[in-house]
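Working notes for the structure below.
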Amino acid sequence: MKRVILLLALMFSLFAAHAQVNIPRQELRYNAHYHWGMVDVMIGHGVVTMECRDNRFKATIDGNSIPWEGRVFCISDTLHTIMSPTSGLSKETVTYENGWYLKPKVTEYRSGNFVPSDPANYKNIKGGGELDASANTMEAIHIMGDMLGMFYYSHEIDFESMKPGSTLTIPIAVEGSNPEKVVVTYKGKSQYKIEGMTYPSYNIQFEYSYRGVMSGYQINAEIGVNDRIPLLISANLPIGHVQMIYNP
């Protein structure tokens with residue numbers, strides 16, 4: 001009996017070690033592209049910074065557009081979560097999330113005198129700031145922050161064991177707020193080409209809820225098979241098709 005208990009304990013420890021995902025600090029750079037009819041332009045750049053230690057996942061995304069109609073559009077999202085390993089995917093508990101939106105005039109942005117922390121210059125998803133921003137814009141900023149969680153799940157989900165068309169529903173607990181969820185659909189193995197290099201990838205689609213209702217923003221992604229880095233993140237928005245393409 002003692003040997004059986006020891007064997008079970010060993011098996012459990014091996015399983016727990018497998019379930020826990022540790023990600024060393026990484027900086028991933030992306031180029032943003034915009035498509036609308038005949039328009040196809042690179043509209044900006046972004047950097048995703050992330051790490052996961054002791055089940056605590058932290059990620060940020062900072063991005064800014066090229067000058068567009070006299071302004072530079074900027075976003076900055078931060079997501080902190082506790083990823084608790086379970087018998088399936090980790091249980092996600094959001095401990096902190098905020099997203100900022102800024103749109104300074106080009107001359108002000110380049111002058112060196114622009115103060116992002118001035119409430120007149122920003123709006124965030126917690127209601128802070130005085131900048132004029134539509135509800136749809138702030139919803140998109142919020143979902144961008146939620147989406148950072150997929151940088152963790154791209155490492156944890158066992159895509160190899162999934163069949164094309166199968167789905168996963170991942171519940172998300174939010175401290176001080178109503179629970180949310182993300183639905184992930186596995187499309188199958190694929191290949192994605194960046195600057196002449198072809199990378200084997202997993203093609204997925206995911207959609208987050210927003211205030212308890214599915215957002216309607218279906219996001220497609222290509223996840224690198226070898227390093228589990230999102231190579232492409234794309235979505236159809238009311239204003240056009242937007243892509244984030246990994247810049248190795």
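Given springs between every Cα pair under 10 Å in a Gaussian network model of the chain, which of GLY176, GLY44, GLY212 has the largest fluctuation?
Highest fluctuation of the listed residues: GLY176.
What do you get for trypsin sites (Lys or Arg not before Pro) in segment 161-248 restricted to DSSP loop and a cutoff of at most 16 other Cβ within 10 Å of the site's Cβ?
Working: sites: LYS181, LYS187, LYS189, LYS193, ARG211, ARG228; in loops: ARG211, ARG228.
Answer by residue number: ARG211.
Whenever you get a sec, line up SER90, SER215, SER117 from highest to lowest accessible area (probe 1.4 Å, protein heavy atoms). Kindly include the intermediate steps, with their values, before the conclusion.
Values: SER90 5, SER215 25, SER117 90 Å².
Descending accessible area places them as SER117, SER215, SER90.
Using the charge dipole of segment 85-131 (Lys, Arg: +1 at Cβ; Asp, Glu: -1 at Cβ; taken about the Cα centre), state which of PRO104, TYR122, THR86 has its Cα farthest towards the positive end.
Toward the positive end, the furthest listed residue is PRO104.
Evaluate the relative contact order of the chain (contact order divided by residue number), counting alpha-carbon pairs under 8 angstrom at least 6 apart; express in whole percent.
Result for the chain is 15 percent.
Can you compute the charge dipole magnitude of segment 166-218 about its Cα centre, using +1 on each Lys and Arg Cβ and -1 on each Asp and Glu Cβ, nothing else charged? Give it in debye, rounded to the nearest 20.
In debye, rounded to 20, segment 166-218 gives about 200.
Just the number, please: carbon plus sulfur as a percent of the accessible area of the chain, 1.4 Å probe, no ligands or DNA/RNA counted.
Exposed carbon and sulfur together represent 55 percent of the surface.
Greater than 28 Å separation of Cα atoms is the criterion. Which listed pairs, LYS126/LYS163; LYS123/LYS193; LYS105/LYS193; LYS91/LYS163; LYS163/LYS193, meet it?
Details: LYS126/LYS163 39 Å; LYS123/LYS193 36 Å; LYS105/LYS193 35 Å; LYS91/LYS163 23 Å; LYS163/LYS193 23 Å.
From LYS126/LYS163; LYS123/LYS193; LYS105/LYS193; LYS91/LYS163; LYS163/LYS193, over 28 Å: LYS126/LYS163; LYS123/LYS193; LYS105/LYS193.
Near VAL47, within a Cβ-to-Cβ distance under 13 Å, what is the net charge of the other residues, with Lys and Arg +1 and Asp and Glu -1? Kindly include the intermediate steps, with their values, before the conclusion.
Working: positive: ARG25, ARG29; negative: GLU27, ASP62, ASP77.
Local charge sum for VAL47: -1.
Cα-based Rg (one decimal) and Dmax (whole number) for the chain, in Å?
Answer for the chain, Rg first and Dmax second: 19.7, 76 Å.
In debye to the nearest 20, how big a dipole does the chain give about its Cα centre with +1 on each Lys and Arg Cβ and -1 on each Asp and Glu Cβ? Write down the numbers at each step before the final one.
Details: 21 positive and 24 negative charges, 121 e Å.
Rounded to the nearest 20 debye, it is 580 debye.
Considering only VAL225, VAL48, VAL213, give the residue with the highest GNM mean-square fluctuation for the chain, with springs between Cα atoms whenever their separation is below 10 Å.
VAL213
Connecting C-alpha atoms closer than 10 Å in a GNM of the chain, tell me which of ALA32, ALA120, ALA140 has the biggest fluctuation.
ALA120
The values are calculated or read from the model by the stated rules, or taken from the named source; none is laboratory data. Just so it is clear, the structure is predicted and the values come from calculations on it, not from any experiment. Counting neighbours? That spans all protein chains shown, and the Cβs are built from the backbone with ideal geometry, glycine included. All accessible areas refer to the heavy atoms of the entire protein, side chains included, with ligands and DNA or RNA removed. Shrake-Rupley method; radii C 1.70, N 1.55, O 1.52, S 1.80 Å.
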